[in-house]
Amino acid sequence: MRVEVDLAKCTGHGICESIAEDVFEVSDEGMVHIHGDDHPESDRERLQQAVTQCPAGALRMRE
C-alpha cells in the first residue's frame, strides 16, 4: 500500500509525522516527505489515522 501527498494542499501541520515518524517527515519548509514507496499491511491502521487526521486533506492511501 502507498501513501501519497498533494503538496499543493499540504500546510505542514506535522500531525502525520507525530503519528508515524518513520514514514512522514515535515521539512524546514513545512512540506511533508514520505519515506518509502510501499508500506506493509501492518502499517495500515496508523497510516489511515494519519490520512484521516490531516487537517488539510493532503494525504491519501492507494492499494
Around A50: net Lys/Arg minus Asp/Glu count, Cβ-Cβ under 15 Å: -2
q = 0.13, 0.17, 0.26 Å⁻¹: log10 I(q)/I(0) that the Debye formula gives for region 2-62, counting C-alpha atoms only: -0.26, -0.45, -1.13
Mean ellipticity per residue at 222 nm, deg cm²/dmol - from DSSP H runs of n ≥ 4 across the chain, formula -39500 (n - 2.57): -6000 deg cm²/dmol
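If you rank L7, L47 by fewest surrounding Cβ atoms within 10 Å, what's the result?
So the residues, fewest neighbours to most, are L7, L47.
Laboratory data are not the source of any read-out in this text; all were calculated from the coordinates shown. These figures come from a predicted structure and were not determined experimentally. Here Cβ is always computed from backbone atoms with ideal geometry, including for glycine, and neighbour counts include all displayed protein chains.
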